[in-house]
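Following: one structure in C-alpha cells, then a few remarks.
Bear in mind that the values in this text are calculations on the coordinates, not laboratory data. Computed from a predicted structure; not experimentally measured. Backbone-built Cβ (ideal geometry, glycine too); neighbour counts: all protein chains shown.
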Amino acid sequence: MSKVLMKGNEAVGAAAIEAGCKFFFGYPITPSSEIPEYMSKALPEAGGVFLQAESEIAAINMVYGAAGAGARAMTASSSPGISLKQEGITYAAGAELPCVIVNMMRGGPGLGSIQPSQSDYFQSTRGGGNGDYRTLCYAPASVQEIVDYVMLAFDKADYYRNPVLICADGMIGQMMEAVEFKEPAHIDLPPKDWTTIGTAEKRKPNIINSLYLEAEVLQDHNRDIDKKYKLMEENEVLYEAYGLEDADVVLVSFGTTSRIVKTAMKQAEKKGIKTGIIRPITIWPFPYDVFKNIGNKAKGVLTVEMNLGQMIDDVKIGVSGKLPVYFNGTQGGVVPTPASILEDIEKIAGGTK
Amino acid sequence: MTIVYEKSRGLTDTPLHYCPGCTHGVIHKLVAESMVELGILGDAIGVAPVGCSVLAYNYFNCDMQEAAHGRAPAVATGIKRTLPDKFVFTYQGDGDLASIGTAEVVHAAHRGEKISTIFVNNAIYGMTGGQMAPTTLIGQKTTTSPLGRTVEHSGRPIKISEMIATIDGAKFVERVSVDTPANIRKAKKAIKKAFKCQLEGKGFALVEVLSACPTNWGFTPVKALDWLRDNMIPYYPLGNFRDFEEGK
C-alpha cells in the first residue's frame, strides 16, 4: 500500500478499522475530537458501529460491554476524559477484557490546557484506576507509529485479555505525516470462548466479572493476572536506542519530545559532544535493561519530558545509581525547544550541571 | 406423578444470599420465568449491578456481565450494539440506578436503546447497611438519615418511572409491587411485556418493582410487606406509564 498523508487523530481511526475494530464509543474532547469525528463516518462504512456516549464514563463502560460480547472495541479521549475512564479501565483489567484506549495527552492537572503534554505518564504506567493491575502502554512518536501501534494494540489486547493504552499527545494527534498501512506480523490469538454471547442453553453461563468476595480467591486472581504482566515485561518491551556505547551524555525521552531531543542531539554533535538516546516505545513495560548498554564515557543521563518529571523515576531505576540523572521539563502545554536541551547537554558534558 | 411446580430453569442452583423476607428472590424468579416462557434464555445476556443484587450473575442461568456501580445501562448498550439479535437486560437497585447511575439510565432510554431494565426500589441501600437512598421516603430513618429524611435537607424521593416515562425512547414503563400474590402476577405480566418491547425492537423498557427490605427497615418480613403497602405504594403509585402496544 502506498503512503497517504494523514492527521494523527485520523490515523488512529484508520488503523483501528484496519485492525478489525468494529465498535467505537466516545465523547468529544480537544485535542482528540477528530478521532470520534473520523469514526462516525468511517466505522459505519466498514460495517461497524460508532456511538457518541453521554459521558466518558458511559463510553468506557460501553467498551466493557462490547468487549465482553467478543467485539474489538475502543475509545479515545484526552487527559481529563481519560481520568473519567479509569473506573472502566480497572474493571476491564479485573474482568480481563481486551480493549484499546487512546489518550491524546494535554496539560493538567484538572481541566489544564488543550496543548500537548506528557503528564499522564504516572496515570498510564502505574495503573490509574484502583487495584493491582497493569496495562501495556505504547507511546508513538510519529503518525506512522500511531498506525503501527494502534494496529498492534488490538492483537496484544486480545492476546493478553487486557486493556492496552496508546499514550500520545496533542501534538502527534494534530500533526499530518505520510503513513503506510503495513500488515502486522501474525500473532496466534487464543479463542474467545469466554464471551457473553448467549448460551443457546447448550453450555454453562459465561460470566464477565471482577468481584471476588473471598480474600484468598481474589489473591489467586491477582496472582493469575500478574502472570500476564510478567509475560508482558518479558516479551513486550519496545524501545529505540542508539549511540549509548560512546556517549558523553545519554538522553531519555518518549513521544513528541524525543523528536525535539534528536534535533538537539544533532546540534550537540556539531559541537563535538557525543550523545546517545533511549526512547521507550512501551512506557509500560519500561526498557530498564537497555540502560546497561550505556558506556563508561557517559557523564550523565538527561531525561526530557513535558511534565514535572514522571518518567525520570523509571530512568533512575534503569540507571541504578551508576550515573547522575538530570531533568529537563516543560509543563502546562509548553513544548521544549532544542536550544534548552542543548544547553543542558553542554552543561552535563562540560561537568557544570 | 405430574410436576405441578418446579424451580425455573432460568435460575441456577446457586443458593441465594438474600436476607429472609427480602423480595429480590421473588423478582429473580419472575425475570427467570419470563425469559424461559418467551424462549429467550439461551439468547439472554444480563447485566448485574452493584448493591444487594451484585451476585445476580451467579443466579440467572444465562450469560452475565457484572457492571461498575450504576453503569449497567452503558454496559448493556455495548452488548446490545455488538449483538443486536440477542436479548439484553439489566437488573439494578435504587442506589445503582436512581443515584450513581442516573445519567446512564436516562441516556439509554433517550437513545431508545433496545434493552430491558428491571429496577428494584426498596427505598434504602441494603448491601452497605441501610443508608438513605434517593428513593427513601420522607420521615424514613436510615443510618445516614438517623432523624428521618426531610425535604429541606435531601429533597423528595425521586420517582424514576415518572421521569423515564417523559423520554420518547422509553417505550414501556410500569411500576409494580411484589407485596401480594396478585401484585406478583401483575409484576410478571409487566416484566414479560418489557421483554417483548425489546424483542419487537420498539425501544427501551423499564419495570420498577417496589421491594421489601425487612433487615434494613427493621421489620419482620410480614410487617415489611405491610409497610411497603402502607407507605411506599401511596408515594409510588402502581401502574403503567408508557406502553408501546397501546400507543401510550
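Across the stretch B:119-126, coupling constants 3J(HN,Hα) worked out from phi with the 6.51/-1.76/1.60 Karplus curve, θ = phi - 60°, read 10, 9, 10, 10, 6, 6, 7, x Hz, and Gly and Pro carry x.
Pair-distance distribution of the protein assembly as shown: all C-alpha pairs, bin width 10 Å, starting at 0; shares per bin in whole percent are 3, 16, 24, 21, 15, 10, 6, 3, 1, 0. Based on alpha-carbon atoms, the Kirkwood radius and the radius of gyration of chain A give Rg/Rh equal to 0.99. For the pair residue B:168 and residue B:13, the difference between a 0.36 nm per residue extended length and the Cα-Cα distance amounts to 51.9 nm.
Would you mind getting me the FRET efficiency between residue B:199 and residue B:235? Use the beta-carbon distance for r and R0 = 30 Å, nearest 0.05.
Here the calculated transfer efficiency is 0.40.
Could you tally the net charge around residue A:80, taking each other residue with its Cβ under 9 Å from the Cβ of residue A:80, Lys/Arg +1 and Asp/Glu -1?
0
Each residue of the stretch B:155-161 was assigned a 3J(HN,Hα) from its phi angle through the Karplus expression (A = 6.51, B = -1.76, C = 1.60, θ = phi - 60°), giving x, 7, x, 7, 9, 5, 4 Hz with x at Gly and Pro. Between helix A:143-160 and chain A there is an angle of about 50 degrees, using the helix long axis and the longest principal axis of the Cα atoms. Taking a Cβ cut-off of under 13 Å around residue A:187, the surrounding Lys, Arg, Asp and Glu residues balance to a net charge of -4, with basic ones at +1 and acidic ones at -1. The 3J(HN,Hα) values that the Karplus relation (6.51, -1.76, 1.60; θ = phi - 60°) gives for the stretch A:110-123 are, in residue order, x, 6, x, 9, 10, 8, x, 7, 10, 8, 9, 4, 4, 4 Hz. Gly and Pro appear as x.
Near residue A:54: Cβ cut-off under 13 Å, other residues only, Lys/Arg at +1 and Asp/Glu at -1. The net charge is -1.
Assign one of three labels to the stretch A:19-82, namely rounded, prolate or oblate, based on the Cα gyration tensor with a ≥ b ≥ c the square roots of its eigenvalues; rounded applies when a/c is under 1.5, prolate when it is not and a/b is larger than b/c, and oblate otherwise. Show your work: numbers first, answer last.
Working: a/c = 2.06, a/b = 1.21, b/c = 1.71.
Oblate shape, in that a/c is at least 1.5 and b/c is the bigger or equal ratio.
Once you order the gyration tensor axes a ≥ b ≥ c over the Cα atoms, which shape class does the stretch B:1-122 get: rounded for a/c under 1.5, otherwise prolate or oblate by comparing a/b with b/c? Oblate. A straight line joining the Cα centroids of the stretch A:81-139 and the stretch B:46-122 runs 25 Å.
Database remark: amide H of residue A:102 closer than 5 angstrom to the amide H of A:75, A:76, A:77, A:166 (H placed geometrically; neighbours at sequence offset of 5 or more, or on other chains; Pro and chain starts carry no H).
Give the cross-link partners of residue A:7 among the aspartates and glutamates, using a straight C-alpha distance below 18 Å as the criterion and excluding same-chain residues fewer than 8 apart. Within reach: A:18, A:34, A:37, A:145, A:148, A:169, A:177, A:180.
A Gaussian network model of chain A, with springs between Cα atoms under 10 Å, assigns the largest mean-square fluctuation among A:98, A:28, A:205 to A:205. Sorted fewest first by neighbouring Cβ atoms within 10 angstrom, A:161, A:223, B:185 come out as A:223, B:185, A:161.
Are any of the pairs B:29/B:159; A:270/A:347; A:271/A:316; A:3/A:156; B:86/B:193 more than 19 Å apart by Cα-Cα distance, and if so, which? Over 19 Å apart, Cα to Cα: B:29/B:159; A:271/A:316; A:3/A:156.
Highest GNM mean-square fluctuation among A:310, A:144, A:52, for chain A modelled with Cα contacts below 10 Å: A:52.
Based on the Kirkwood approach, the hydrodynamic radius assigned to the stretch B:133-248 is 15.3 Å, with every pair of different Cα atoms included. In this simple spin-label model, placing a label point 7 Å from the Cα along the Cα-to-Cβ direction at both residue A:216 and residue B:150 gives a separation of 5.1 nm. Between residue A:235 and residue B:220, the modelled label-to-label distance comes to 6.3 nm, taking each label 7 Å out from Cα in the direction of the beta carbon. Once backbone amide H atoms are built at 1.01 Å from N, residue A:49 has A:23, A:24 as its partners under 5 Å, excluding neighbours fewer than 5 places away on the same chain. In the stretch B:64-160, one over the average inverse separation of all distinct C-alpha pairs is 14.2 Å, which is the Kirkwood hydrodynamic radius. Decide, for the stretch A:283-353, between rounded, prolate and oblate: order the square roots of the alpha carbon gyration tensor eigenvalues as a ≥ b ≥ c, take rounded if a/c falls under 1.5, and otherwise choose prolate if a/b is larger than b/c, else oblate. Oblate is the answer for the stretch A:283-353, as a/c is 1.5 or above yet b/c matches or exceeds a/b. Helix A:215-235 and the longest principal axis of the C-alpha atoms of chain A enclose an angle of approximately 50°. For chain A, the share of DSSP beta bridges that are antiparallel, to the nearest 5, is 25%. Could you tell me the distance between the Cα centroids of the stretch A:145-198 and the stretch A:228-246, to the nearest Å? With the stretch A:145-198 and the stretch A:228-246 each reduced to a Cα centre, they are spaced 18 Å.
Counting only DSSP beta bridges whose two residues both lie in the stretch A:24-181, roughly 5 percent are antiparallel.
Arranged from fewest to most other beta-carbon atoms within 10 Å of their beta carbon, A:301, B:54 become B:54, A:301. Going from the fewest other Cβ atoms within 10 Å to the most, the residues A:169, A:155 appear in the order A:155, A:169. Beta bridges per DSSP, both residues in the stretch A:240-349: antiparallel share near 20 percent. Against chain A, whose longest principal axis is taken from its Cα atoms, helix A:79-94 shows a tilt of about 60°. For the options A:293, A:328, A:103, a Gaussian network treatment of chain A with springs between C-alpha atoms closer than 10 Å singles out A:293 as fluctuating the most.
If you wrap the tightest convex hull around every Cα atom of the stretch B:24-246 and split its volume per residue, you get 109 Å³. Taking 16 Å as the straight-line reach from the Cα of residue A:227, the aspartates and glutamates in range (excluding those fewer than 8 positions away in the same chain) are A:96, A:132, A:158, A:236.
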